[in-house]
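A.B. asks: The structure that follows is given in the form of structure tokens.
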Amino acid sequence: VTGIKGVERSSTGHALNTRAMALKYAKDSHKDYKNLNLIVAHVGGGATIYLHKKGKMVDMLSDDEGPFSPQRSGRVPGTKLVKMCFSGEYSQSEILKMIRGKGGIVSHLNTADVRDVEKKIEDGDASAKLIYDAMIYQIAKGIGEMATVVNGDVDAIIITGGIAYSKKFTSELEERVKFLSHVEIMPGENELESLAYGVLRVLRKEESYWEFKEN
């Protein structure tokens with residue numbers, strides 16, 4: 001449900017990797033995934049944040065309704081976006097590209113590589129630091145938002161995706177959210193590995209498969 005009738009939220013994001021990391025965390029911790037409440041934040045070119053409640057993904061922030069990331073705009077003020085759409089300066093495809101592809105860090109700093117941004121910060125670039133800090137700030141807010149879904153009963157927060165390889169990024173993000181729960185860093189995209197382990201779980205009869213068909 002949203003505040004506009006006929007406009008519904010959709011759960012489009014990094015479902016493969018986030019669920020695989022939640023399952024891996026449960027296994028490595030010798031716990032049952034179905035007994036855990038986990039927040040999983042995937043941060044790569046885009047950022048999505050999932051809430052896993054007792055073995056099910058029950059809510060999430062997609063890359064156009066949550067924090068911005070290297071290539072995604074994230075949540076932006078609706079009225080200002082509408083004015084841009086009707087200004088006559090941009091086509092529909094250009095606006096969509098601002099949201100996905102040329103939004104986020106690349107919009108501000110002309111790079112989508114967080115390593116470049118961190119180097120700029122080391123060299124004293126105040127603008128780069130502002131944008132980098134704002135991204136971490138927004139991701140932390142998104143994690144906090146997901147914690148409310150289970151009334152703060154969070155067993156662990158998992159940080160995954162390509163940017164999770166950055167110790168600077170993960171340490172600064174962890175500092176903001178560790179009061180909620182234990183933070184586990186599990187870097188990488190892991191998409192193909194996730195698919196392979198999913199097939200294994202079905203073959204071992206640990207899970208049933210779902211068949212998805214296009215409408």
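A.B. asks: May I ask you to list the residues in region 1-40 that are closer than 14 Å to L51 by Cβ and of a type in the set (V, I, T)?
C.D. replies: Of everything in region 1-40, those that are closer than 14 Å to L51 by Cβ and of a type in the set (V, I, T) turn out to be T18, I39, V40.
A.B. asks: Here is a follow-up. Please specify each residue of region 1-35 satisfying the condition of being more than 26 Å from E189 (Cβ to Cβ), within 22 Å of the chain's Cα centre (by Cα) and of a type in the set (S, T, N, Q).
C.D. replies: Selection gives T2 alone.
A.B. asks: Also, quick follow-up: With over 19 Å from G188 (Cα atoms) and among the charged types (D, E, K, R) as the only criterion, which of D63, D59 stands out?
C.D. replies: D59
A.B. asks: So which of G142, G103, G124 is part of a loop (DSSP other than H, G, I, E, B) and touching a strand residue (DSSP E or B) at 6+ places or on another chain (Cβ under 8 Å)?
C.D. replies: Exactly one of G142, G103, G124 is part of a loop (DSSP other than H, G, I, E, B) and touching a strand residue (DSSP E or B) at 6+ places or on another chain (Cβ under 8 Å), namely G103.
A.B. asks: With respect to T148, is the statement that it is of a type in the set (S, T, Y), in contact (Cβ under 8 Å) with a residue 60 or more places away in the chain and under 16 Å from Y50 (Cα atoms) true?
C.D. replies: Spelling it out, it is not the case that T148 is of a type in the set (S, T, Y), in contact (Cβ under 8 Å) with a residue 60 or more places away in the chain and under 16 Å from Y50 (Cα atoms).
A.B. asks: Determine the pairs where a residue that is within 20 Å of G74 (Cβ to Cβ) and exposed (fewer than 15 other Cβ atoms within 10 Å of the Cβ), located within region 104-133, has a partner that is modelled with pLDDT of 95 or more and of a type in the set (K, R) with Cβ atoms under 9 Å apart, the partner being 6 or more residues away or on another chain.
C.D. replies: What qualifies is S127/K120.
A.B. asks: On the given criteria, is R115 touching a strand residue (DSSP E or B) at 6+ places or on another chain (Cβ under 8 Å) and of a type in the set (D, E, K, R)?
C.D. replies: Taking the combined requirement at face value, the residue does not satisfy it.
A.B. asks: Another one. Got a number for residues in region 145-182 being more than 15 Å from A47 (Cα to Cα), part of a helix (DSSP H, G or I) and not polar (S, T, N, Q)?
C.D. replies: 10
A.B. asks: Let me ask another. If a residue must be within 30 Å of N151 (Cβ to Cβ) and either small (G, A, S) or open to solvent by 90 Å² or more (accessible area, probe 1.4 Å) (or both), how many such residues does region 183-197 contain?
C.D. replies: 1
A.B. asks: Looking at (1) closer than 23 Å to R19 by Cβ; (2) surrounded by fewer than 15 Cβ atoms within 10 Å (Cβ to Cβ), which is the one condition that is false for A156?
C.D. replies: (2) is the only condition that A156 fails.
A.B. asks: What's the total number of residues in region 159-172 that are touching a residue at least 40 places away in the same chain (Cβ under 8 Å) and either open to solvent by less than 70 Å² (accessible area, probe 1.4 Å) or within 18 Å of M57 (Cβ to Cβ) (or both)?
C.D. replies: The total comes to 8.
A.B. asks: Is there a residue in region 201-213 that is hydrophobic (A, V, I, L, M, F, W, C), modelled with pLDDT under 95 and not in a helix (DSSP H, G or I)?
C.D. replies: Let us first name the residues in region 201-213 that are hydrophobic (A, V, I, L, M, F, W, C), namely 202-203, 210, 212.
The next check asks that each one be modelled with pLDDT under 95; those that pass are 202-203, 210, 212.
Of the ones still in play, those that are also not in a helix (DSSP H, G or I) are 210, 212.
Within region 201-213 (the criterion being hydrophobic (A, V, I, L, M, F, W, C), modelled with pLDDT under 95 and not in a helix (DSSP H, G or I)), the answer is yes, since at least one residue qualifies.
The values are calculated or read from the model by the stated rules, or taken from the named source; none is laboratory data. Everything quoted here is computed from the prediction, not taken from an experiment. Note that we place each Cβ from the backbone using ideal geometry, even for glycine, and neighbour counts take in every protein chain shown. Accessible surface is based on the protein model in full, side chains and every heavy atom, while ligands, DNA and RNA are left aside. Shrake-Rupley method; radii C 1.70, N 1.55, O 1.52, S 1.80 Å.
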